[in-house]
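The values are calculated or read from the model by the stated rules, or taken from the named source; none is laboratory data. Everything numeric in this text was worked out from a predicted model, so none of it was measured. Here the Cβ positions follow ideal geometry from the backbone for every residue, glycine too, while neighbour counts run over all protein chains shown. Accessible surface is based on the protein model in full, side chains and every heavy atom, while ligands, DNA and RNA are left aside. Shrake-Rupley method; radii C 1.70, N 1.55, O 1.52, S 1.80 Å.
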Amino acid sequence: MRTINLGLIGFGNVGSAVVRILQEKKPYFCSNIGLQLNLRKICDKNISSKRNVTVNKSLLTRDAAKVINDPQIDILIELMGGIHPAKEYITEALKKGKDVVTANKALLAQEGPELFALAADRRKNIYFEAAVGAGIPIIKALREGLVANKFSSIYGILNGTSNFILSKMSSDNCSFAQGLKEAKLKGFAERDPSLDIEGIDSAHKLILLTYLCFGRLVPLKDIFIEGISRISPSDINYAKELGFQIKLLAIAKKEYDGLEVRVHPTLIPKKHLLSSVGGVFNAIYVSSDLAGEILFYGPGAGQVSAASAVVADVVDLTRDIKAGLFRPTFNLLPDKSIKRLRSIDEFESRYYIRFNAVDKPGVLARISGILGKFGISIASVTQKERRKSRVVPIVMVIHEAKEKELRTALSMIDRLDAIKEKSVAIRIEDV
Ligand code: HSE
């Protein structure tokens, strides 16, 4: 039985869980699925801290070259994160004939075209199941299980931290800051949590899903991204009363001859399955021509669930290597019916809007007058609080409007004397 040698760079949270799983499951992999895996080197800047796994000290190194240049190593597992030097390490490993497993969504979203092209050129693979939805096997499902399908949309709750915060605000009526503090304590958040709460992490993951479903690697700069930091507990409560939940959704969908790719807080009907996805859970809801509508659901962050995906990739690659197979990561041709990316300005939706206005006669008339000038029609208005000459929230739902027109109208409304804080507008999506 040929032994497949593994080299790991990044012995942090996920890395140490991967090592532990490989140790624990080694006999199972060997006896039940006939694979002999050997972890040959582990590299990290810090090799002295205690981890929840014991390894032979001779495996540890601070020098990444010892992994990349080791001709015995078949698979590089990159779990260090960041763009540089992770990109250089992966590039070198591919050039030296190694396959790669990574969880590095930011790297693949940014440098994917170059890295995937190099991998294809060298007939090597980059597997990245852990980059989206941690242990949810969404990448494998899209690449293999749904390979015969054409997709029309993806709706994803792809960031566990944001979903945890929104759920906490909804269930405990706590502030955004309290929710974030707890998410950080639980270890879900990125080192820089603005990546989570400003929607960037979701966008990185959406880029990978869009590539698999539509054959296009959309650059981050072309994605409309809005985070959740301006959502207040009152928005969540008003939304609930209106029959909705607020979720940070990552959306890619075909609209006429174009593709819309966007990440933003969204009101979705309470009865939709995605509404009940709470806490750190992720869900990906895809619509396809043959298999229909499918929901993938599970813990979207956490060291063990991410490690489960990394080990699954290692096993997959090991089987390929042993069988002498090369299965390109992306074998999809771009969907020819998609001619262009649609800009957010073209986007049309119903909206929930919260104005923070001084409670005095005539304010509502001025707001609705400006909306009317842009042809924007109001579906409902709620003003619950009554605080004469003080600031109160006025909540509106508007009928379908063009994003561009709504933004122009809101910027005029926000300049009114009676408006004391930038208005909040959240898109309503009929998923
Ligand atoms: N910070 C990420 C999240 C971790 O909260 O979803 C998993 O990618």
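Mind checking which residues of the stretch 51-95 are of a type in the set (G, A, S) and either in contact with a helix residue (DSSP H, G or I) (Cβ under 7 Å, 6 or more places away or on another chain) or assigned to a loop (DSSP other than H, G, I, E, B) (or both)?
Selection gives A64, G81, G82, A86, A93.
Please pick out the residue among A120, A134 that is in contact with a Pro (Cβ under 7 Å, 6 or more places away or on another chain), aliphatic (A, V, I, L, M) and at positive phi.
That would be A134, the only listed residue that is in contact with a Pro (Cβ under 7 Å, 6 or more places away or on another chain), aliphatic (A, V, I, L, M) and at positive phi.
If the Cβ limit is 7 Å and pairs must be 6+ apart or interchain, which residue in the stretch 153-168 that is more than 14 Å from F296 (Cβ to Cβ) pairs with which residue that is near the ligand (Cβ under 9 Å from one of its atoms) and part of a helix (DSSP H, G or I)?
As it stands, the answer is N159/D196; N159/D201; N159/S202; T161/A183; T161/D196; S162/D196; F164/A183; I165/A183, since those pairs meet every condition given.
Which of the helices (runs of 4 or more DSSP H) found entirely inside the stretch 162-269 contain at least 3 residues meeting this: open to solvent by less than 50 Å² (accessible area, probe 1.4 Å) and more than 16 Å from the ligand (Cβ to nearest atom)?
Correct list: 200-214, 233-241.
Please go through the stretch 288-328 and give me each residue that is over 25 Å from G97 (Cα atoms), more than 14 Å from the ligand (Cβ to nearest atom) and surrounded by fewer than 17 Cβ atoms within 10 Å (Cβ to Cβ), ordered by number.
D289, L290, A291, G292, E293, I294, L295
One residue is enough: does the stretch 351-358 have a residue meeting the conditions buried (at least 16 other Cβ atoms within 10 Å of the Cβ) and over 30 Å from V424 (Cα atoms)?
Checking the stretch 351-358: not a single residue is buried (at least 16 other Cβ atoms within 10 Å of the Cβ) and over 30 Å from V424 (Cα atoms).
Would you check if I378 is at pLDDT 95 or above, open to solvent by less than 40 Å² (accessible area, probe 1.4 Å) and more than 30 Å from the chain's Cα centre (by Cα)?
The answer is no for I378.
Hey, can you tell me all the residues within the stretch 234-280 that are over 28 Å from L212 (Cα atoms) and among the small types (G, A, S)?
Correct list: S234, A239, G243.
Here is a list of conditions, (1) open to solvent by less than 10 Å² (accessible area, probe 1.4 Å); (2) hydrophobic (A, V, I, L, M, F, W, C); (3) away from the ligand (no atom under 11 Å from the Cβ); (4) touching a strand residue (DSSP E or B) at 6+ places or on another chain (Cβ under 7 Å), and L107 meets all of them except one; can you say which number that is?
So the condition that L107 fails would be (4).
Identify, from the list E348, E421, the residue that is open to solvent by 50 Å² or more (accessible area, probe 1.4 Å) and in contact with a helix residue (DSSP H, G or I) (Cβ under 9 Å, 6 or more places away or on another chain).
E348
Taking only pairs six or more apart or across chains, which ones have beta-carbon atoms under 6 Å, a first residue in the stretch 6-33 that is assigned by TED's automatic domain parsing to the domain that holds T54, and a second residue that is small (G, A, S)?
Sorted first by the residue in the stretch 6-33, then by its partner, the pairs are L8/G15; I9/A64; V14/A306; V14/A307; A17/A307; V18/A307; I21/A307.
Within the stretch 1-20, track down each residue that is over 21 Å from K186 (Cα atoms), in contact with a helix residue (DSSP H, G or I) (Cβ under 8 Å, 6 or more places away or on another chain) and not in a strand (DSSP E or B).
Selection gives M1, R2.
Name the residue that is least open to solvent (accessible area, probe 1.4 Å), counting only residues in the stretch 334-343 that are under 23 Å from the mean Cα position of the chain (by Cα) and modelled with pLDDT under 90.
Restricting to residues being under 23 Å from the mean Cα position of the chain (by Cα) and modelled with pLDDT under 90, the top hit is D335.
Tell me which of these G82 doesn't satisfy, since it passes every other one: (1) loosely packed, with under 14 Cβ neighbours inside 10 Å; (2) more than 30 Å from K221 (Cα to Cα).
So the condition that G82 fails would be (2).
Please find, within the stretch 21-42, the residue that is modelled with the highest pLDDT out of those that are assigned to a strand (DSSP E or B) and surrounded by fewer than 16 Cβ atoms within 10 Å (Cβ to Cβ).
In this case the residue turns out to be N38.
Just to check your reading of the model, which residue among K45, K50 is modelled with pLDDT of 95 or more and surrounded by fewer than 13 Cβ atoms within 10 Å (Cβ to Cβ)?
Going through K45, K50 in turn, the sole match is K45.
Which residue, of K205, K184, is farther than 18 Å from V263 by Cβ and basic (K, R)?
Result: K184 is the single residue among K205, K184 that is farther than 18 Å from V263 by Cβ and basic (K, R).
Using the structure shown, decide if I73 is touching a residue at least 60 places away in the same chain (Cβ under 8 Å) and away from the ligand (no atom under 16 Å from the Cβ).
Yes: the conditions hold for I73.
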